[in-house]
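Let me begin by presenting the structure, written as structure tokens, before commenting on it.
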Amino acid sequence: MNGPVGEIPVVLRAAEEEEQAIADPETERARVLLVDDDERNLLAVATVLEDLGEVVLARSGEEALRHLLKGEFAVILLDVYMPGMDGYETAQIIRSRDQTKGIPIVFLSAVNKEAEHLLRGYSMGAVDYVFKPVDPVILRSKVAVFVELFEKSKEVEHKARHEQALLDANLRANAERLRVEQELRRAEQRQAVVIQSLPMVLYLEPYDSKRRVPNYITGDIEAITGFTYDQLASDPQMWIDRLHPDDRIKVIAGLEARSKSGKMSLEYRWQCADGTFKHFLDQAVLLKDPQGHPIEFAGTITDVSDQRSLESQLVQAQKMDAIGKLTGGIAHDFNNLLAAVIGGLSVIERRTQLEPEQQRVLDMTRRAAEQGSELVRRLLAFARRQRLEPHPVDLQSLREAIVDLLTHTLGGLMNFEWRIADNVWRVFADQAQLELALMNLIINARDAMPAGGTVTISAENRKLGDDELPGIAAGDYVRLAVDDSGTGIPREHLEKVMEPFFTTKEVGKGSGLGLSMVYGFAKQSNGAFRLDSEPDKGTTAELWLPRAPEQKKKQKPTAGEELRPTFSRALRILLVDDHEEVRSTTAAMLCDFGHEVVEAATGAEALLALKADCKYDLMITDYAMPHVSGAEFLREARTLCPGVPALMITGYADADAISDRPEAVEVLLKPFTPHKLEQAIARIADTEIAAE
């Protein structure tokens, strides 16, 4: 039934054709080989025997042997004396070959009737002698016996082949039936396995049933609901009672309506044995007898919880993408504001002799602006619109930053225990991303201990050999670990928690992005992230980060040195920025450095200035400007004034996203400090900062 279409009929047709061919064989006359060197004898004997069979003539022993290679003969009439190869020699060769040794040989002889010659002929394989002149009656009689014997033997062979063919056909038919039966059983087994493995059950429910208890069910109902069929059958009201309260009215109405419409398709939530709610798609159609009377409903119940979960994750992903785009847009404007604030404060501090109290207020204001810049950076890191900038990070200073950030966030029920030794290596990573990763891990630890507890953050040096830790190369690493004694993570969820948007927290209490971001940061930093957890005992989250390469220690400039840079030579700079406050504060900083500044509010205005005069040592332009962008301005400017170096400043999140900027143009992100600005100018304008 489940075999390939047409396979059995083809086999049967082949057997029938073979049987028909055997039953109606093509009639074939017996052949007689006549060997004689005398043409007259050949003609005379052939005339006598022509009605007994096909007479094949040979004029020598060699020619006779050639005929024997081409087919079978009922009898051979062989002349004894022939030139060259005589009859005795020819008979000896015929008897020595397996293909011809069974053919009867009758010698034709005109002389030598002596016993000696007769014995020699019989020893060579002759079955009879006929002496010349040949008596036609005797010759026909002798040949007729051998022809009849040949035909009888062929008939026996034919019947044997026929019987064997019938037997083979029967065996093939039996084998084919066996194969089809086996294939049918395998198909039934596969079908049963597939149904058992699907999150689906098939059921038959009486048409006039007043309760939700099918009289037939297939599939693993226990795996889907947690209840056996017997448990469901013993409580007819269970199915209705375990419906989600918000879906109960809809389902009851749908069950009542199916009797009239003859079909049903409902999706609802149902509480399983473990207390969780699953989404079920319940579909059914009405079956009728030949007279059109309703008999029963045939339906399926499918677990669509995974599909609904994926839809929810998609909505969450779209929401996070919208947040990322919104954050990137806000960052541009916010960074412009912060650039004006930080630049203005630097100018005030440089140009004004402040009292200690005034200096303290200014420092507090600068710190607030820098915190605003740090907030934007963290938002961009969360939205994954901040490029990684790895550099050596000291874990002791990192500890101070995280404590300041989390002290007021985690509440008074949490205790922190830091175990970072003084000899711990510095790690090579992006500090902002590392802070964000540790904050995520600490907040997760806090959420796992709702009644409070202790979070332990430790760091230790580790040397790894080849293949010692999967997915990480051999070398020197720092193992950062965050330990808690909270609820832990179930084993079945341990491998999924690092997947984006997977969370075990309640709706609204977690995005499912925290651990996936930590994992991604670790991989981008050429490190690894591992989780070890036991339910009700706690979790250990490990960050393995590479050791930072050794660098010569540079003396950190004091605040006064950062605010009072001087250059070895003054530069004539064209500054282009449509944001008036940013342009003014930037120009003030450049003037304090000793440079001559020409300001332009738009790209078009700056191009007019270049057409009038190309004698500039440096061009500094904002990227996002109306009408003519910074990239377009620089391309036109290089046409007018080739060779003038350029610096582009921007409040956008990712400088690499500015793909249309001209080659060899460095990008400086807003907000920037005077020290960062002077370092960028020194690199681009090929000048040096003079030491005071």
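No value in this document is a laboratory result; all are computed from the given coordinates. Source: prediction; values computed, not measured. Positions of Cβ are generated from backbone atoms using ideal geometry, with glycine treated the same way; all protein chains shown enter the neighbour counts.
Using θ = phi - 60° in the Karplus curve 6.51 cos²θ - 1.76 cosθ + 1.60, the 3J(HN,Hα) couplings for region 600-612 round to 9, 8, 9, x, 5, 5, 5, 5, 4, 5, 6, 5, 7 Hz; x is entered for Gly and Pro. For region 35-76, trypsin sites (Lys or Arg not before Pro) are listed when DSSP marks them as loop and at most 15 other Cβ atoms sit within 10 Å of their Cβ; the list is K70. Sequentially through region 59-67, phi angles give Karplus couplings (6.51, -1.76, 1.60; θ = phi - 60°) of 9, 7, x, 5, 5, 4, 5, 5, 4 Hz, Gly and Pro residues having no value and appearing as x.
For L647, the amide hydrogen comes within under 5 Å of the amide hydrogens of M619, I620, T621, counting only partners 5 or more places away or on other chains and with H modelled in the peptide plane.
Would you mind checking K132/K152; K463/K537; K463/K523; K523/K676; K70/K154 for any pair whose Cα atoms are more than 24 angstrom apart? Write out the running numbers ahead of the final one.
Details: K132/K152 29 Å; K463/K537 29 Å; K463/K523 18 Å; K523/K676 29 Å; K70/K154 18 Å.
Check vs 24 Å cut-off fails for K132/K152; K463/K537; K523/K676.
Residues in region 34-76 near a label at Q92, defined as backbone nitrogen under 15 Å from the 7 Å Cα→Cβ point? Hits in region 34-76 for Q92 at 15 Å: 61-62. In this structure the amide hydrogen of V628, modeled in the peptide plane, comes within under 5 Å of the amide hydrogens of G603, A604, none closer than 5 places in sequence on its chain.
What is the projected area of the convex hull of the Cα atoms of region 198-303, averaged over all directions, in nm²?
6.4
Provide D532, D622, D37 in ascending order of the number of other Cβ atoms located within 10 Å of each residue's Cβ, fewest first.
Result, fewest neighbours first: D532, D37, D622.
With R₀ set to 25 Å, the beta-carbon distance separating N215 from R185 gives a calculated FRET efficiency near 0.45. Close Lys pairs in region 198-303, defined as Cα atoms under 18 Å apart and 8 or more places apart or on different chains, number 8.
3J(HN,Hα) along region 619-636: 10, 10, 9, 6, 7, 8, 9, x, 6, 10, 6, x, 5, 5, 4, 5, 5, 5 Hz, from the Karplus curve 6.51 cos²θ - 1.76 cosθ + 1.60 with θ = phi - 60°, whole Hz, x for Gly and Pro.
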